[in-house]
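The values are calculated or read from the model by the stated rules, or taken from the named source; none is laboratory data. As the structure is a computational prediction, the values presented were derived from the model and not from experiment. Reconstructed Cβ throughout: ideal geometry from the backbone, glycine too, with neighbour counts over all protein chains shown. Accessible surface areas use protein heavy atoms only, side chains included; no ligands, DNA or RNA. Shrake-Rupley method; radii C 1.70, N 1.55, O 1.52, S 1.80 Å.
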Amino acid sequence: MSMNDAPRLLVLWCPDWPVVAAGAAAGTPLLAPAAVFSGNRVVACSAAARRSGVGRGMRRRDAQSRCAGLVVHQHDPDRDARVFEPVAAAVEQHAVGVEVVRPGVVAVPVGGAAGYFGGEEALAERLLDEVSANAGVECQIGIADGLFAATLAARRAVFVAAGGSAQFLSPLPITELDQPGDERGELVGLLTRLGLRTLGAFAAIAERDVAGRFGRDAILAHRLARGLSQRPPLRRALPPELDVIQEFETPLKRIDEAAFIAKTLGERFFAGLARHGMACTRLAIVAVTESGEERLRVWRCAEPLTARATADRVRWQCEGWLTANPEDRPSSGIIRLRLMPEELVGGEALQLQLGAMGRDADAAERAGRAMVRIQGLLGPEAVLTPLLDGGRSPAERVRLIPWGDPRAAVTADAPWPGQLPAPSPATGPRRAVPAVVHGAPGTRSDAPCVGS
């Protein structure tokens, strides 16, 4: 597989964005120790909180015991996206093709803008100054081939040479595969138990061996570890009727109206793609105002969009436009919304995603909220969920953990009793394990987790 299928991207990353957005909305001091909680668990925390021992996944009581002055915020994805719109708009002033990956992360194709400003470093410096001046937030920039490598480069503020993504990724810990929103904790735990501690060790395994031993999600993760794009491009002619357009007799000016319209558009857009057996990973949202202004924003997604995920992004974007600063806000109400698929994948990728979370994402979310309420009444141990883990017997392989706890398998460092290495019951015959597994580097990442 050629390494050229991953486009060269610049990624601008705002560290701890949920905390930054919550602090900006609440007016709390920038340097105060703060954390964002969802379901009584830390999902993001500031650098000051991490210095006091607070980390992602920690319970609220434990976090507050470690940091007495901790400022507590509740998780609000709508707020995160709404506050991030000025950052994306600032980047768009100097680059074409801006794509919002998620609130706090924006990607830009490097080629044209770098040539105009005199190189990649000059472009990065210009964007850093622009975001700091116009949006008032600090950020880091990384450049590499492919979104995954560029995002990790941004977290380290490095520029990776063209064609060097695989070499850059090779020494990084395998835990980097478990990025926010990817939910690869179980896969990472399994790879760690097999001795694959780095992305390079995982990438060294032949793709046919990964396909024969692991599931489809591992195949996609293996492509990322090799510096490739997550999925090969869809080589099909696109039907012309995939765009969804909605016109309004009364201009759209209120957030609650946008939320209602977003749900309907998301369902129509998703249904249209499903009829052709396709799913969207890059969504363009176009708004036309009563005075003729046109606003465009592209959202790039690691996983194919469901109807609910599409509606979320439409709602976030409309809220961002309608609540922007007066100089950046449209001068009149929105009279037309258009959703356009910029990048498509086969529908089987979405089937895999839905198979892991249930066919109805809204029902899964409602069930999750109910579980949290039960835990609030009866305690964390009142709701348990099974996790497949290592063990010598079927009974030992299943471990019950409280709902909401990190689903990370326990890595057994102690040697197996007996003369021969223990076979892993979760991974099938030993003959399929390449020799590189036993010689993989044993490095670990001790850097603290940061929200994004």
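Tabulated data for the structure shown
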{"read-out": "Globularity index of region 18-66, i.e. its alpha-carbon radius of gyration over 2.2 N^0.38 Å", "value": "1.03"}
{"read-out": "Relative contact order of region 61-118, pairs being alpha-carbon contacts under 8 Å that are 6 or more residues apart, as %", "value": "22 percent"}
{"read-out": "Ranked by how many other beta carbons lie within 10 Å on average, peptides 206-212, 81-87, 56-62, 97-103 from highest", "value": "81-87, 97-103, 56-62, 206-212"}
{"read-out": "Highest-first arrangement of 169-180, 38-49, 116-127, where packing means the average Cβ count within 10 Å", "value": "38-49, 169-180, 116-127"}
{"read-out": "Region 37-191: radius of gyration over Cα atoms, expressed as a fraction of 2.2 N^0.38 Å", "value": "1.18"}
{"read-out": "Surface accessible to a 1.4 Å probe, K253 within the full protein complex, Å²", "value": "130 Å²"}
{"read-out": "Globularity ratio of region 279-334, using Cα Rg and 2.2 N^0.38 Å", "value": "1.22"}
{"read-out": "Antiparallel bridges, percent of DSSP beta bridges restricted to region 1-132 (to nearest 5)", "value": "75 percent"}
{"read-out": "Surface/4 of the Cα convex hull for region 48-106, nm²", "value": "5.3 nm²"}
{"read-out": "Cα radius of gyration and Dmax for region 1-103 (Å)", "value": "16.4, 53"}
{"read-out": "Relative packing of peptides 310-317, 187-194 - highest average C-beta neighbours within 10 Å first", "value": "310-317, 187-194"}
